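Read the structure below first, then the notes.
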Amino acid sequence: MHEIDLLTIVTESILKERLINDLKIAGVTGWTMTAAQGEGPRNRRVSEVEGGNIRVEILADPHTVERVWTMLKDSYFSNYAVTAWQSKVQVSRADRYLGNESHG
Amino acid sequence: MHEIDLLTIVTESILKERLINDLKIAGVTGWTMTAAQGEGPRNRRVSEVEGGNIRVEILADPHTVERVWTMLKDSYFSNYAVTAWQSKVQVSRADRYLGNESHG
Amino acid sequence: MHEIDLLTIVTESILKERLINDLKIAGVTGWTMTAAQGEGPRNRRVSEVEGGNIRVEILADPHTVERVWTMLKDSYFSNYAVTAWQSKVQVSRADRYLGNESHG
Amino acid sequence: MKTRISSLLGVGELNSTVQYDSNVDFGTSLSMATSNVLSVPVLVFLLGVISVRLKADLRLPDPVYQATAIYLLFAIGLKGGVALRASEPADVLLPIVVAIALGIVIPILVFVVLKWMTRLDGIDRGAMAAHYGSTSLVTFTAALVFLDSLDVNYEGFMPTLLTVLEIPGIIVGLLLAKKYASTRSQVEGANSRDSNSRDSISRDWIREVILGKSVLILFGGLAIGFLTGVQGYEQVEPFFGGLFTGVLALFLLEMGVLAGRRLSDIRTAGVGLIVFAVVFPVFAGTLGIISGYLAGLSMGGAMILGVLCASASYIAAPAAVRLALPTANPSITLTSSLGITFPFNLIVGIPIYYLVAQALENWFL
Amino acid sequence: MKTRISSLLGVGELNSTVQYDSNVDFGTSLSMATSNVLSVPVLVFLLGVISVRLKADLRLPDPVYQATAIYLLFAIGLKGGVALRASEPADVLLPIVVAIALGIVIPILVFVVLKWMTRLDGIDRGAMAAHYGSTSLVTFTAALVFLDSLDVNYEGFMPTLLTVLEIPGIIVGLLLAKKYASTRSQVEGANSRDSNSRDSISRDWIREVILGKSVLILFGGLAIGFLTGVQGYEQVEPFFGGLFTGVLALFLLEMGVLAGRRLSDIRTAGVGLIVFAVVFPVFAGTLGIISGYLAGLSMGGAMILGVLCASASYIAAPAAVRLALPTANPSITLTSSLGITFPFNLIVGIPIYYLVAQALENWFL
Amino acid sequence: MKTRISSLLGVGELNSTVQYDSNVDFGTSLSMATSNVLSVPVLVFLLGVISVRLKADLRLPDPVYQATAIYLLFAIGLKGGVALRASEPADVLLPIVVAIALGIVIPILVFVVLKWMTRLDGIDRGAMAAHYGSTSLVTFTAALVFLDSLDVNYEGFMPTLLTVLEIPGIIVGLLLAKKYASTRSQVEGANSRDSNSRDSISRDWIREVILGKSVLILFGGLAIGFLTGVQGYEQVEPFFGGLFTGVLALFLLEMGVLAGRRLSDIRTAGVGLIVFAVVFPVFAGTLGIISGYLAGLSMGGAMILGVLCASASYIAAPAAVRLALPTANPSITLTSSLGITFPFNLIVGIPIYYLVAQALENWFL
Ligand SMILES: Nc1ncnc2c1ncn2[C@@H]1O[C@H](COP(=O)(O)O)[C@@H](O)[C@H]1O
Ligand SMILES: Nc1ncnc2c1ncn2[C@@H]1O[C@H](COP(=O)(O)O)[C@@H](O)[C@H]1O
Ligand SMILES: Nc1ncnc2c1ncn2[C@@H]1O[C@H](COP(=O)(O)O)[C@@H](O)[C@H]1O
Ligand code: NA
Ligand code: NA
Ligand code: NA
């Protein structure tokens, strides 16, 4: 078993394609998405008309997760409804989830 | 990055409105919900007719999470199908998720 | 509050019945499932025609989780799209989630 | 004025004058029973049950199931509203009063009868009373389809009675349980299992019962049908009328799965409960039929009122009971209402109530 | 050639020759207005609004709502394509050119008018322009249902104009906001709140607007209808034609809930915005009707073009604006378009545009 | 007895006696082919494919897609059952026997032919055999719609043959792969990639194949149709009959997206596989047509049997193969069956099989 970062992002479903794209640019090699609803302190959204939130989980190495946080801060936090959190988890076959380090 | 509590509650979907309400009373400022199915040791439910389970995630400070646990123990555990767990996660912009401390 | 293992498994939805069955054989006493989509490094799947991924969460004692990992390695990893991770979480009423130790 | 809802469902023949001979012999009756079992909706229900036995539950995806329920509730309400508008107020008033009376009497009967037929405590008996005091939309519509296939007339405002009967039974059942709980906790102190229920019983339940989504859709459909009338209904008839029986069939696939899952629980239910779940509907159905005749309904209408009394709720009541009486055991009420009474009514009950209505017809009409 | 889409919707009567007297008196006009409000789709919309007030939101399950939107878009496109093929190219060309011109002029008017009616900045005014420059499918179809119920003819190719008007307004609105943002950031430097929007505005938005799913389905339906013609359409008519009004009614339940949720925001919207959301549609609608007459449309066709101009988008535009103008405040645009303009048009706007079209008819036809 | 399923689909004309001249010239044939491509379902399929190219996948929401599949399977089964009951047992028996024989022979042919056309190993060839030995519901129904649009008669019990052909091909394909795997692992020892598959092959697959949900719904529909007969069917005809082609069109939107996504994989598929996916269907289709004539089917019936043989499964077979042969590569089988054979059959195959059936008609009838 290996330790790896698990990052969870909750955001407006309208951003789905854009987010997946940005994650790949940041070096993420995989993601898991579920449909979600939610309320938060901001609640300024159009998603209600468009189908709620998405909840995306990403297993990745700390460097890639770092890049994702930077990307979120630069392009998402100020304008869109986003909540994200991170923790350490154990996986086997950790190499499956390691980002393309050429991004570092 | 700041450490904060992540509490996950799985319960009968029929309780959706009541739970959200009780969470707000406990000082929770936001939540994320997904539709779920499940089985557990009790399995005494009506939700099958009503659309399964809900899975609610709450980011909050330890005091608020404490109040939610108390609320769950008082009003949910004995009568309804509920599973809940808690862990520490890292967030940025932690102030977004801090409960109204007037409840403490 | 007691510490317990939380194991999350993401796999092809077509395996739903088989996985639940195998989990029970491994001594799991409960599970929570949500519908998911995803991409990963392998992406060799039929599930697109069958409705995407499932995401299963299991609270269990370390021995049971160990057995589930073994089961995943033996029967799932080589042939199916599977991602799984594990972490420690806090629960109350931990006895609800303790596996049948006769499996050990 | 007596209209046939099928004339709203069908394309033309609004002034259908079909004649039927109500004094049919036993052979004909049997063939009616057979034709009920061999209707597409009933057979689809059985397919759902069988699929559970084969471990390949043929459930509809959840959102589709919910949308189907919305469709059925709204369509029934809509047609009822259109027919209500076409009815004389004088014809409707007495049946409504009678229906409300039945909605109060039946749950009380359930509460009392279960006391000497089973060992259930007052909470569970109140929960049962709420289920059997309310009604089953699907049983009701299956009965309409049955009468339509026999070309038997009934009053078009029957969905109004369905709406009227939906709520009082639930409220009376919950009140009975609440009274029992407060009495017992006075005697035994606050440590009984009812302390919680007493607490929560005063919270959401009135809202949940009266403003439950299913009641709102049914009632909304009724009001809309009443306001829009036949002319407005015509525009949406292909959707809400023409498709109705087919959508009902799809819905019954899911109902079959849900009922099939309850079947295995029947063994654990106890003989008393099983007997109750079969005998009480026949009794309440007969009571409804007689009351219907006394209220001036036609044979078809009296039979439908009987079906309403005989059927037990498995959508509105379980939700309300779960919130208001959390200590009640849902597997008792659902096994009984969904696992036994519902299939019983759908398959053999409907023809039985029809025969009873025929048998009693000469006494009243 | 003038065909009635209702003849495609209905069963027979393809060569309907219904005559109507367009010089109806005021009493008749009023009864038309009443009959609009009392139509099933409008009443269902109100039921949705009321359900929000009662805190029992009658929403459709999300996947069903989305499928319903796909159905409506495709069905409208399909019927428009079939009718387009049956039309003379010469009859269609001028209306299309006029529609494009309206799609450019209206958002500019919105942008300017809002400057002196409200305190909104250029970003939010551009977002508003994109919404009001585009159109509302549901308002459009409700107007068709209204005309059909009055047996008023209109050109069958109206859905073509809907498709044509869908996109340009959004693009013009976004361009106006972009121009404003770049001007201001030159003046104020890059630290303004627009720096991000300027960045992202050049990314997905053209793709999102032109290849948005709703546009693609509408346009795809149009092309398929054109290619397959009446003969191919007949095979799918029971589904895409017969059910149309009923499905529209179901969709309006959800629209009612969404609009109802916006109602509470109206108080915070400011008087200027509220007045705009009611007055501008009447103005743009009249502009559309006059343009329609000038383009040679019939009274029914001119009225529908007016409805297209009067209505504001709440599906395609919000999505495009959210991606292209992230700093625009969606609650302003949605409160206005979905909370005020949409119900206004649906309930009183449609009869008003009809009366306007009638009043102006003698000047043009 | 030969009935047209379209007469069940349509409203009246149960005893349709439409005459067609089967010796049509080439020009007419070409126009038939065009009319197939220009039908709404086929055009919607192409819209789905195009939407993938434009990166705006027009998928239906997943639960709606699944419900649509349930509807199509059940409706086909239901109509087949109704027609089966109206048929002489003597007329049905031989076609059923022939269909079972084809269900065994075709997968064996696939397994052998692929050995010299491609480099696929026995596991993947077994998987392909399971797909091509089974059938495609959508191709089948598109062929029915095609014949109906030409007013060509066919035996009403054709859905029975679809049901019969669904399963044997999958079982034979899996057995072939299993035999290959066990032979090879004896030779090479247990370390081959097949050791797992050998293990799991004995677990769920028989259940999964025979009691798969799609088979259960199809078979359930057939049984229900048989039991309820024309009289029971009439009650649900507007839903399961009238809407059928329209729902099929919606379903094909999704199929188009799924097929479109596979298109990019075709390049990697290898020439042998591509050629197989186009040529084998024509071969198997011709085999099916000849067998159909020998079994005494009409021209329309023989053509449909040909379509059944030519089409490859992409719902039941992939699920069964995934569970029973986990080491088989799904992208090979799906690219071939869904990405090549399905569009080929839908667009050019169906007219080809019709022409072949016409050409061979004089030899047999
Ligand atoms: N404290 C919280 N706990 C869990 N999820 C949250 C919390 N706050 C916000 N969210 C989620 O993040 C989304 C966006 O929040 P906001 O930006 O405040 O609208 C919400 O719709 C919720 O799904
Ligand atoms: N061990 C477990 N792991 C994950 N989820 C569980 C577990 N036990 C119960 N659950 C979830 O909690 C719900 C309620 O459990 P119960 O109260 O036992 O019916 C179940 O439906 C599951 O969704
Ligand atoms: N790095 C990752 N983070 C989160 N989920 C992943 C990751 N990689 C794969 N997955 C999930 O695991 C499933 C199977 O992955 P794969 O076996 O690579 O097709 C994917 O469909 C995703 O849902
Ligand atoms: Na009752
Ligand atoms: Na407009
Ligand atoms: Na085949």
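Each value in this text was obtained by applying a stated rule to the coordinates, not by laboratory testing. Treat the numbers as computed from the prediction; the structure is a model and nothing was measured. Ideal geometry is used to build each Cβ from the backbone, glycine not excepted, and the neighbour counts take in all protein chains shown.
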So if we plug the beta-carbon distance of E:V348 and A:A94 into 1/(1 + (r/R0)^6) with R0 = 41 Å, what FRET efficiency do we get, rounded to 0.05? 0.05
Order by neighbour count: D:L305, F:L72, F:L227, D:L325, fewest other Cβ atoms within 10 Å first, most last. F:L227, F:L72, D:L325, D:L305
homo-copy label distances at A:H2 (7 angstrom along Cα-Cβ), nm, one dp, ascending, are 3.3, 3.3
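Averaged over B:90-97, how many beta carbons belonging to a partner chain fall within 10 Å of each residue's beta carbon? Intermediate results must be reported in sequence, preceding the final value.
On the way: counts 9, 4, 7, 6, 1, 1, 6, 4.
Mean partner-chain Cβ count within 10 Å for B:90-97: 5.
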F:K79: which lysines have alpha carbons under 19 Å from its alpha carbon, excluding same-chain residues fewer than 8 sequence positions away? F:K2, F:K213
Under the Karplus curve 6.51 cos²θ - 1.76 cosθ + 1.60, θ = phi - 60°, whole-Hz ³J(HN,Hα) for the stretch E:75-87, x wherever Gly or Pro sits: 5, 4, x, 4, 5, x, x, 4, 5, 4, 4, 7, 9
Between helix F:213-237 and chain F, what is the angle of the helix's C-alpha long axis to the longest principal axis, kept within 0 to 90° and rounded to the nearest 10? 10
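Among E:V113, C:V68, which comes first, second and so on when ranked by fewest other beta-carbon atoms within 10 Å?
Numbers: E:V113 19, C:V68 25.
Going from least to most buried by this count: E:V113, C:V68.
Could you tally the net charge around F:V98, taking each other residue with its Cβ under 13 Å from the Cβ of F:V98, Lys/Arg +1 and Asp/Glu -1?
Numbers: positive: none; negative: F:D91, F:E155.
It works out to a net charge of -2.
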Over all residues in C:59-67, what is the mean tally of Cβ atoms on other chains that come within 10 Å of each residue's Cβ? 1
Once the label point is placed 7 Å from Cα along Cβ, list for F:T34 the distances to the corresponding points in the other copies, in nm, shortest first. 5.4, 5.4
Shielding of D:244-253 by partners, i.e. mean partner chain Cβ atoms within 10 Å per residue? 5
With everything on Cα atoms, drop me the angle between helix E:299-310 and the longest principal axis of chain E, reported from 0 to 90° to the nearest 10. 20
Report, for F:G272, each distance to the same residue's label point in the other copies, shortest first and in nm; define the point 7 Å along Cα→Cβ. 7.4, 7.4
Among E:Y353, E:A295, E:I167, whose Cα lies farthest out toward the positive end of the dipole of chain E, if unit charges sit on the beta carbon of Lys, Arg (+1) and Asp, Glu (-1)? E:I167
Which order do the peptides A:56-65, D:73-82 take when ranked by the mean count of other beta-carbon atoms within 10 Å per residue, highest first? D:73-82, A:56-65
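Grab the DSSP H runs of the protein assembly as shown that are 4 residues or longer, score each as -39,500 (n - 2.57), total them, divide by all residues and round the 222 nm result to the nearest 500 deg cm²/dmol. Don't jump to the answer; show the numbers that get you there.
Numbers: 63 runs with 876 residues, N = 1407.
Mean residue ellipticity at 222 nm (helix-derived): -20000 deg cm²/dmol.
Hey, what did the stretch C:2-88 get for relative contact order, percent, Cα under 8 Å, at least 6 apart?
Details: 124 pairs, mean separation 45.7, N = 87.
For the stretch C:2-88, the relative contact order is 53 percent.
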Farthest toward the dipole's positive end in the stretch C:2-88, which of C:H63, C:A84, C:T32, given Cβ charges of +1 (Lys, Arg) and -1 (Asp, Glu) about the Cα centre? C:A84
If I take the rotation axis that carries chain C onto chain A, which residue of chain C has the nearest beta-carbon, and at how many angstrom? C:T34, 3
Roughly speaking, what % of Cα-Cα pairs in chain E are separated by over 28 Å, rounded to a whole number? 41
Where the centre of each part is set by its Cα atoms, how far does the stretch D:37-73 sit from the stretch E:285-324, in angstrom? 44
Expressed as a whole-number percentage, the relative contact order of chain F with C-alpha contacts under 8 angstrom and at least six residues apart is 30
Can you report the principal axis dimensions of the protein assembly as shown using only the alpha carbons, biggest first, rounded to whole angstrom? 85, 79, 74
In chain E, what residue has the beta-carbon at the shortest distance from the axis of the rotation relating E to D, and what is that distance in angstrom, rounded to the whole number? E:P63, 3
Exposure-ranked with fewest Cβ neighbours within 10 Å first, F:S331, B:S78, E:S291 stand as B:S78, F:S331, E:S291
For the Cα atoms of chain B, what angle does the longest principal axis make with the long axis of helix B:62-75, in degrees from 0 to 90, nearest 10? 20
Using every Cα-Cα pair within the stretch B:2-88, state what percent have a distance larger than 20 Å. 29
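Between D:F364 and F:L93, how high is the FRET efficiency from 1/(1 + (r/R0)^6) when r is the Cβ-Cβ distance and R₀ = 56 Å? Nearest 0.05. Could the numbers behind the result be given before it?
On the way: r = 54 Å, r/R0 = 0.97.
The value I calculate is 0.55.
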